[in-house]
Structures are given as structure tokens and as C-alpha cells.
Amino acid sequence: MIKQVRIALRNCGRINPESIEEYINARGYEALILSLFEKKPEDVIKIITDSGLRGRGGGGFPTGLKWAAAAKEKSDEKFVICNADEGDPGAFMDRAVLEGDPFSVLEAMTIAGYCIGANKGIIYIRAEYPLAIERLKFAIEKAEEYGFLGKNILGSNFSFDIELKYGAGAFVCGEETALIKSIEGKRGEPVVKPPYPAQKGLWGKPTIVNNVETFANICPIIINGPEWFRKIGTQKSPGTKVFALAGKINKVGLIEIPMGTTLREVIYEIGGGIKNNKEFKAVQTGGPSGGCITKENIDTPIDYDNLLAIGSMMGSGGMIVMDEDDCMVNFAKFFLEFIIDESCGKCTPCRVGNKRLHELLEQITTGKAEDNIIPRIEMLCNTIKKASLCGLGQTSPNPVLSTLRYFRDEYEEHIKDKKCRSRVCKSLLRYQIVPEKCNGCTRCARNCPVQCISGKPKEPHVINQDECIKCGVCYTHCKFDAIIVS
Amino acid sequence: MARVTINDISVEVFKDSTILDAAREVDVYIPTLCHLDLESFNIEHRTGSCRVCMVEVEQNGKSRMMPACCTPIQEGMIIRTNTPEIIQIRRIVLELLLSDHPFDCLVCSKSLDCELQALAKQFGIEHLTYKGEMSLYPPDLSSRAINRNLDKCIMCRRCETACNDIQTVKVLTGYKRGFMSVVAPAEMKPLNDTNCVFCGQCVNVCPTGALTEINYIKKVWQAINDPTKKVIVQTAPAVRVGIGEEFNLTEEEAATGKLVAGLRRLGFDAVFDTNFTADLTILEEAHELVERLKKKENLPLLTSCCPGWVNFLEYQFPDLIHIPSTCKSPQQMFGAVAKTYYAEKIGIKPENLIVVSIMPCLAKKYEAARPEFIKNGIPDVDYVLTTRELAKMFKEAGINIGKLKDEDYDNPLGESTGAGVIFGVSGGVLEAALRTAYEVVTKKELKNVNFTEVRGLEGIKEATIDLDGTELRVAVTSGLGNARKILEKIRKGEANYHAIEIMACPGGCINGGGQPYIHGDTSLLEKRLKMIYTEDEKKKIRKSHENPYIQKLYKEFLGEPGSHKAHEILHTHYYKKCEK
């Protein structure tokens, strides 16, 4: 049995999140004291770099390098930003950390401030997380009271303040440059990198932006050392990752697993297998701009590079499981809808390209697609991927590309045979009455909302295909299994 | 310096250059759309949002697509600008833009002057690959000046840079998200309900037909064709140096005589010059300045001929509305003089006299409609056309002004001095005022009329002028962002100038919101500027107070500068406009 390992979630559910004493008892603030009084900033950065910790927000950029880049810059002011703008549908890893262990994030941010020479920290948190906000506010107050935050922390001459900024829930504001624009009170839109935030970030000053889960890993690494961290996970992706398991799986919820765990272990051992013993079809990782992983890669060890290699990505940790009842074309279309809603509208490929891509998929799921549509889709995806401005745009065609890669046959069935094998794409369904089974009870005709079923009582009925809206009411009302769907 | 390779050509460029800069260095063409470089003003708009300028960049063994306009070069970059993949990607990006753009090019006012259209032609796009839903919005025709057709917005964001960064009016912002994104005032308010000053700099930089002027051509044709009306026209100084571009005139000189000839052929009953009332403005303004200097109060005197700037003051600096000169702008002085003095002289009722202005400006359309300039329902100026609209009228009437022989303005409102014509460029109003103020204050003849220290396209110019012992500290600003800097100094009491000229548009009226589009080529502005000063030098009389028709106007009608009658007809007042 695969064991979960709790690093980021170490205190969640185990201590009272509103008690700084319990946090201290759980080795809280040990890392800060160690850093402030026994180590120079560059020593702490070296520990983080040596640990191999990579950004848990999705990109997987080495955290130590990010800190070192900002530490190198000379500036009168620098900033530490905690990205708590968790926006993937169904994902709530950051929320769990902030609600269950707020002090650990504050402590890690303070250490980050010490390392890069910043005196100001900002937590950019979505306003839809009221409990997390309440606990953070409380924790900031307590930490100040105990001297872990504010002026001259524990007499070390190092000062650090943390304030909260509320995001209005725009997905793109999770992108670091858009997040910075949003804090500055501007429209949340990404800007071209370089310059990177570590050089020119908030108000043009060197800034590091790290995800909540990344910060949640910092203190244990400092306390236990980089070697300890490297022993967990894989060589290129040490440590653990929190995932939000969702979809057609028996046990949904948060899990924290060592990197390198396989998908099979996650689904069948931790997740308890597919619901109703149906057949596993695919898992979407990396949120709406991630990709799907199929049976053929179910034994791939999960880490940043392996997921990229099979056309998906780590993302912030959403994991949606699909079974045989899910239509992959429809599924790609669903994620694209999310992207269209959440695109900031700045660059052409993402603003217009994804809209057109969605319309092409719509043609497929409604049976109106031309035979040569797949190469057109691929060309458009390639443009969006390569020409979009930010990470959201560049990854937005991933669900389409990865389903095309692994389920091309399903696309072709939709296009050529006008058939959806999972019976999800309603426009492609055909309800028919089998005359031999129909005894003319008239129940279907009486319940049809568009009155397109005709026939005399006690004689077999017929569905007028031109008028049928494929609502399925006749199918559910027939007591004689006389209606078939094809 | 850093060395990079572009299409196998090695080039060394400054470290802060972009890929686009480097490519231009070696004559490699990369198409652009949202990018705009207003070189003469040191303003570069590079949001990197259209993605038309994508190039392939190989660095440290990795190859990526990057936007050329905003990617700084790094040592050793290997750049390719025309691989089949790049060309295909650019083409798809352009096709995507076209797929959300109305196809009414034939009836679009920007047709043949549209950068999107030009790019589509350059890419050889002859059919639509993508079709689908369009992002549609109702047009905004709320103002007298600016027509906003958001269906044609391609989100290049140039107008935002013009409005927010250059002019600091800050009316425009990105509105809505995703596919429905457009640039609009906050909450999609109609422009007329915002603090917009109608300078038209947004219109000047818009690459498509999303922002254009409100067009009055039809109304002017109707007036000309109305036998019961006498229709006269005035031409602003900067029009004569812009109009030639619309007819591909390559001469180095202004097209003044041809402009006059063309206007007569359109059927105007008399062709007059706003320069005449520019001279008149100088007499009044110089008088006002001398009075204020004597009393040492209400200084600095700010010029008031630019309605965009006056709007800006009324909205953003309502506490300072007492310091501008109370002189009406030359356009409004012309209207007022025409409907009183001139109408009387030729024996016509003001309601039967139609005054049309040809202006390089959009704010002038707004100004003409200000209630204080309309008496008993009769506006002093009836219709304002831009230089661009006039060019359209000429073309519609089959008049190629390039083929016409020069003609002279009519009198009595057509004679002007060199001081009048330089109103068309930043620094000109102040220079003209100095030419007269010098002689009024010192009672001596001014030998050298050229005050070169206030000339040029810089945003803020300062000078100290010796009026025979009296030192006059002056400043000249153009572009409202620069005006804001000066005004904030005045507000804090940190400015010790005696007179300041302020123009809303960077560079002055030569770069007005109604001028022929320059598409980012600021060398055209430098050409216009040169033409203005050549026009000045060609004039026999170069001081406003020596204009014989101005002298006659005072003798016959106004009395003397600053008289009661002059105040009644030539002066105005300003309003505190609270933030909308």
C-alpha cells in the first residue's frame, strides 16, 4: 500500500490553526529562528537550492534559483508575494494549507524576506476564501504579538510585514505578472517577460512570487536539511505534491504523495478505484490547461518532467478522473469553455484563437464538422501554444492536443461517423423505437416535450428525427425497452 | 553592445535594443501591428499583444517563438524571422484578428488608411479561414468629436497608451475579459459622459476604423448647396502643412495657395484664414499679459487657444481656471468676428451666414458646440471639419489640389502675418506673443523675430526672454502629460513663469487629432514643422500688430485691444467641471 507523506499538509487537521502555541509546539518558528540567528541569507538560499524544491504552482521553476535571482538585485525595496489565487476548477490544495496551517506560510514568507532582503510580504488571496482570509488575519495579528512579524523580529534587526490583497477571482491573476498588475490596482493582465519579477516586479522592484504550497515546504526543509528532502520523491523532482482528486473515483479529496508515485497507485490504492467499477479512461492533470493521461501511461511516475513528456503537466495539483462514460471531445470542449471565460483578452491567439478553437470543437460535437477539420485544429492549437503571451495562453490548447493525441479515434468517429461512443454529445444521438417491442402504450408520445412521436394507440410509434431534440424523455418513460439510442 | 544573428546575418546592437530594432538595423523586415514607435517624442508602445511580429529565437540550444517588438536582445541569440512555421503562425494570428472584424472595408472611413487592411493585403489573405461569433458592441456617437466603433477594435491598446500615458487623461481602459475584450471608458460609459478632452490622440494612433472623427461632410455639402445661405470657411494654420500628404504632394512647402483654390472650387463663398484671428488673439493676449505683468497678478498667463487643453484644465485643475488668458481661441474669435463685424459689413443676417472651420483638431468640434459660443441659437462656428474630412471632400468633388494654381485668401478676414501661421506648432503662440509683447513693453522695434529657444518637438521648453531689461520667464509645453507636470508645479507654487503656452497634442496642432494619419512616422511631423516656419519666413509681415486688416478691424469695430467691445466679442470664461 502506497503511503501518503505529509510535508505541506503536515499540520493540517493536526493542530488548531488558530493557536500559535500549538504551531510552535509542532516545531513552528524553529526554521525562522535558525535562519535569522544561525544562518546568513545566502546560506538559507543554498539550503533551498540544494533541496531541489520546485515551484508548486505549476511551472516547477527551482525555488532556490528564484530567490537567488531576487537576492542578487540591488534595490531599496523588495517584495515577497504569496500566490494564493487558486483558480483551477475543483482544486483546493492552497485553501487547505491556509485554513489548516496559516502560520507555516507566514513563517516561510518571513524567511524568504530575510533571504532576498525584503521587508514587505503580500498574500494575494481570492476573496472567495473567507475562512482562509479570517485565519490569515488572525495569524498575522498573533505573529505580530509574539514578535515573529513586524519591526525587529525577535531582536534580530530584521523587519518584515505581511498584508493581504484580495483577488476578484480571475484565473489569469494566478499568472505572476498579471497578479502583480492586479496588486498595483491595474487590470489583471500578464506582461511580457523578461524582465522577470525577480528583476522588476511589484512597483518595478525585485519581487518573488511563490505559491502557497511552495511556502508550506520551506520550514521543514530548513529544519531537516536538504538531504532529508531529497530522499523523498524523485531525483529531478524531490519532495511531495498535494493533489485534489476528483471525478469518477471512489475516494475524492486531497492527497499528498511523494513525487514518483504512479497514477495507478493514486487511482487504485489511494483513490480506491473507479466509481461503480467502470473502466478507467483518463486523468486530467494540470487543471484546465493541462492534459490527459491515459491507460498507456498509468504507470508513469508522476513528476514535473514525466508529465510534460506525456503531453500533460503538473499544474497546481488538480486531478480529474474520467471513466468510459466520458466523451473526450466534449471533455476538451469543457475545459476550453473555462479558458474562454478566463482569458484576459490581451493577446490575439488566446482571445480569438481559443474562441475559434471552441467553435471548431462545437462543430465536431454537433456533427457539423468537415472531414479535414483535425489538421485545421492542430494548426490552430500550435499557433495558440507558440504565439500566446502568457503561460495560460500557451498551455490552453493542451486539453485538445492531448485528447487528440490519445483519443484521435474518438474524434474521427464524431467527425466521420457522426457518432459519440459515450453518448454524451446529444446532437449525435438518434432515438429510435423498435416496432417489435413497442405495444403502442402512447406513454412516450404523451411525454415528448416537442410532440414529435406519432402513432395510433396499440400500434408501434415512430419518432420524427427532424424534430427530435434528443432530450431522452421518451427513453426514460418507455417501460418496454422499446426505445434504443444509437 | 551585444551580437546576435538574424537570418544568418550577424549584427551588433546596443544592449537595450529589441529584436525588432536589431532587425531594422540590418534591413530585415518584420511585420508589426500593435507596436508603435513615436520616435520624435521618445514614446514607444510595445505591449506585445497582437503577436504578429513573432520570430523564432534560438538560445542555449532551445528554440522559442518570441515577439520581436518587445523582446530585448541577448548576446548570442540566433533569430529567424521567416521560416515557414513563423509565416504560418503570423498568418493564422492575422486571420484570427480578421475573423472578429467586420467586413465593411468598402464603407469604412479608414479604408485604404487601415493598418489591418494593409497587413491583410501584404499577407495575401484572400479568403477567410475562420468564421464564427463576433464581439459586437453598439457604436458610441455620444460626443461631437470622436466616433467609437468597437466592433473594429483589435485590442492593440495604442489608444490606451495615448490617453493614459501620453496625455494622462486616463479615460480608456481594457473592458471585459476574453473574447469580448475591448478598450473603453470604465463601465462602458459613453465618451461624452467621461473626462475625455477630445484631443483625438487616440484616433491618431488607432490602426483600424475603431476610432475616427464624427463626420460633418454631409452637413457642409448641404450648407454649400443651400442658396439662402452664404457659406464662408476658415483654415487653421496647421491644415496647410498637412493636407498635401493626402494628395502625395512632395514639395517642401505648405500647400496654402492650393488649399485656398480647392476650397473655392468646392463652392465656398469666401475663403478666410484662421491665421487672421490668430493675429487678433496675439493683440488681445499680449495686451492681457502686459496688464498682468504691470499688476503682477494672476501669473503665469496660460495660453487658451487649444480647446483640448482648456477641457483638461476644467476637468483636472478646476482650481486653476482663473489663470489662462480669457481670449477665445482663434477659431472662436473668427466665428464671433464673422457673425458680427463681417455679417454687418456685407449686410447679411448672422443666421444666414454659415461659418465652416477646417481644423487639424477634434476638440475644435467640441469647442464650437460649447453653449457660451452659441447666441440665440446661432453658433459662432457652425461646422468643423478636420484636415482629413476636407481631403475626402476634395476627392469626392474630383479636385486634386496638387494640380491647382495657388490663389490668395479673401479679405477682410484672410490677411495674416508670420506670427499667425506659427500657431500651428508647439511654441508658436508664445513666439508670436513675444514678437508683439516686446514692442508693446519696450516701445522699440524687435529686429530678430525668431525666438528659436521655444521651437522644436520637445515636450517642455523653457526660456528667459530679455524685454529690454525686464526678464520674462516663459515655458512651452505640448502633450497633456507634460502640461500636467507644469500645472502641478503651479498648483504647488513652485513655478515662477510669467507666461506658458500649452497645447494638448504632442508637438502642437501639426500633430492634431484631425490631421492625416502618420502611422507612427514622426518624420512627417518634423516636415510639417519645417513647413510652418518656412511659411513664417516667407511672410513680409511677421508681427501680428502690423497686420493692416487687424488694425482696420480695431479702427472700424473693436476700438483697441482690451476694450469693452473686444471683451464682449473676443473673450470668454471657463467652468469648473467636476469629475464625472
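What follows is calculated from the coordinates using simple rules that are stated; it is not laboratory data. Treat the numbers as computed from the prediction; the structure is a model and nothing was measured. Cβ atoms come from the backbone with ideal geometry, glycine included; neighbour counts cover every protein chain shown.
Report summary: the helix-based calculation at 222 nm, which adds -39500 (n - 2.57) for every DSSP H run with n ≥ 4 and divides by the residues of chain A, gives -10500 deg cm²/dmol. Inter-part distance, the range B:202-226 to the range A:281-306, computed on C-alpha centroids, equals 57 Å.
For A:Glu184, no residue has an amide H sitting under 5 Å from its own, ignoring neighbours fewer than 5 places away on the same chain, with H placed 1.01 Å from N. When only the Cβ of Lys, Arg, Asp and Glu is charged (+1, +1, -1, -1), the dipole of the range B:2-82 relative to its Cα centre reaches about 340 debye. Sites listed here are GluC sites (Glu not before Pro) in the range B:303-373 whose DSSP assignment is loop and whose Cβ has at most 10 other Cβ atoms within 10 Å, and the list is empty.
Once both labels are positioned 7 Å from their Cα atoms along Cα-to-Cβ, the gap between A:Glu163 and B:Glu546 label points is 6.3 nm. The GluC sites (Glu not before Pro) of the range B:443-503 meeting both criteria, a DSSP state outside H, G, I, E and B (loop) and at most 16 other C-beta atoms within 10 angstrom of the site's C-beta, are B:Glu445, B:Glu494. Of the trypsin sites (Lys or Arg not before Pro) in the range B:267-321, the ones in a loop by DSSP (not H, G, I, E or B) with at most 16 other beta carbons within 10 Å are B:Lys296.
Want the number for B:Lys294 to B:Ala118: 0.36 nm per residue separation, take away the alpha-carbon distance, what's left? Mind dumping the intermediate values first?
On the way: separation 176, 0.36 × 176 = 63.36 nm, distance 5.77 nm.
My answer for the length gained is 57.6 nm.
When DSSP beta bridges are restricted to pairs lying wholly in chain B, around 60% turn out antiparallel. Computed from the C-beta positions of A:Asp299 and B:Ser111, the FRET efficiency with R₀ = 60 Å rounds to 0.50. Note on A:181-191: average number of Cβ atoms from other chains within 10 Å of each residue's Cβ is 2.
Where both residues lie in chain A, what percent of DSSP beta bridges are antiparallel, nearest 5?
Around 55 percent of the beta bridges assigned by DSSP in chain A are antiparallel ones.
Relative contact order for the range B:98-213: 31 percent, from Cα pairs under 8 Å spaced at least 6 residues apart, divided by residue count. Contact order for the range B:61-149, expressed relative to its length and based on alpha carbon pairs under 8 Å spaced 6+ residues apart, stands at 25 percent. Each of A:Cys219, A:Ala84, A:Gly353 was placed along the dipole of chain A (beta-carbon charges, centred on the mean Cα), and the one lying farthest toward the positive end is A:Gly353.
So if I place +1 on the C-beta of Lys and Arg and -1 on the C-beta of Asp and Glu, and nothing else carries charge, what would the dipole magnitude of the range A:240-323 be about its Cα centre? I want it in debye, nearest 20.
Working: 8 positive and 9 negative charges, 70 e Å.
Dipole magnitude for the range A:240-323 comes out near 340 debye.
Could you point to the residue in B:Thr32, B:Cys327, A:Phe335 farthest towards the positive end of the protein assembly as shown's charge dipole, with +1 and -1 charges on the Cβ of Lys/Arg and Asp/Glu respectively? It is A:Phe335, whose Cα lies furthest towards the positive end. When the square roots of the Cα gyration tensor eigenvalues are ordered a ≥ b ≥ c, the ratio a/c for the range A:20-231 is under 1.5, which makes its shape rounded.
Each helix, a run of at least 4 DSSP H residues, gives -39500 (n - 2.57); summed and divided by the residues of chain B, these come to -9000 deg cm²/dmol at 222 nm. Once the Cα-Cα distance is subtracted from the 0.36 nm per residue extended length, the B:Tyr575 to B:Ala369 segment shows a gain of 72.7 nm. Membrane-span-like helices of chain B, defined as complete DSSP H segments with a Cα extent of 18 Å or more along the helix axis and a mean Kyte hydropathy of at least 0.0, are identified as B:84-99, B:428-442. A simple charge model with +1 on the Cβ of Lys and Arg, -1 on the Cβ of Asp and Glu and nothing else charged puts the dipole of the protein assembly as shown at about 1600 debye relative to its Cα centre. An oblate overall shape is assigned to the range B:1-87, the ratio a/c of its alpha-carbon gyration tensor axes (a ≥ b ≥ c) being 1.5 or greater and a/b not exceeding b/c.
For the range B:35-49, backbone phi angles converted through the Karplus equation (6.51, -1.76, 1.60; θ = phi - 60°) give residue-by-residue couplings of 5, 8, 10, 8, 4, 5, 9, 6, 10, 10, 9, 9, 7, x, 9 Hz, Gly and Pro being listed as x.
Pull up all non-local amide H partners of B:Ile6: gap of 5 or more, or a different chain, and H-to-H distance under 5 Å with H placed in the peptide plane. Distant-sequence amide H within range of B:Ile6: B:Val11, B:Ile79. Taking other residues whose beta carbon is less than 15 angstrom from the beta carbon of A:Pro226, and scoring Lys, Arg as +1 and Asp, Glu as -1, yields +2.
Would you please classify the overall shape of the range B:297-396 from the alpha carbon gyration tensor, given that a ≥ b ≥ c denote the square roots of the eigenvalues, rounded means a/c under 1.5, and beyond that prolate means a/b larger than b/c while oblate covers the rest? Walk me through the numbers before you get to the answer.
Values: a/c = 2.40, a/b = 1.40, b/c = 1.71.
It comes out oblate by the Cα gyration axes.
Each label was represented as a point 7 Å from its Cα along the Cα-to-Cβ direction; for B:Ile321 and A:Ile232 these points are 6.7 nm apart.
If R0 equals 35 Å, the separation of the Cβ atoms of B:Asp406 and B:Glu445 corresponds to a calculated FRET efficiency of about 0.65.
Want the number for B:Ala186 to B:Asp104: 0.36 nm per residue separation, take away the alpha-carbon distance, what's left?
Numbers: separation 82, 0.36 × 82 = 29.52 nm, distance 2.77 nm.
Length gained, B:Ala186 through B:Asp104: 26.8 nm.
Under Stokes-Einstein, with the Kirkwood radius over Cα pairs as Rh, the value for the range B:315-463 at 4 °C and 1.567 mPa s is 70 µm²/s.
Based on DSSP, what percent of beta bridges with both residues in the protein assembly as shown are antiparallel, to the nearest 5? That works out to approximately 55 percent antiparallel.
Note: relative contact order over chain A, using C-alpha pairs below 8 Å and six or more positions apart, is 13 percent. A Förster distance of 60 Å, applied to the separation of the beta-carbon atoms of B:Thr534 and A:Lys40, puts the FRET efficiency at 0.30.
Could you pull out every whole DSSP H run in chain A that spans at least 18 Å of Cα extent along its own axis and averages -0.5 or higher on the Kyte-Doolittle scale?
Values: long enough: A:102-116 (22 Å, 1.30); A:130-145 (23 Å, -0.19); A:212-224 (19 Å, 1.27); A:328-342 (21 Å, 0.93); A:373-387 (21 Å, 0.43).
Span-like helices in chain A: A:102-116, A:130-145, A:212-224, A:328-342, A:373-387.
If Lys and Arg each add +1 and Asp and Glu each add -1, what is the summed charge of the other residues whose beta carbon sits under 15 Å from the beta carbon of B:Cys206? Present the calculation step by step, with values, prior to reporting the outcome.
Numbers: positive: B:Lys110, B:Arg148, B:Lys152, B:Arg157, B:Arg158, B:Arg388; negative: B:Asp113, B:Glu115, B:Asp140, B:Asp151, B:Glu160, B:Glu213.
That sum, taken over residues with Cβ under 15 Å, equals 0.
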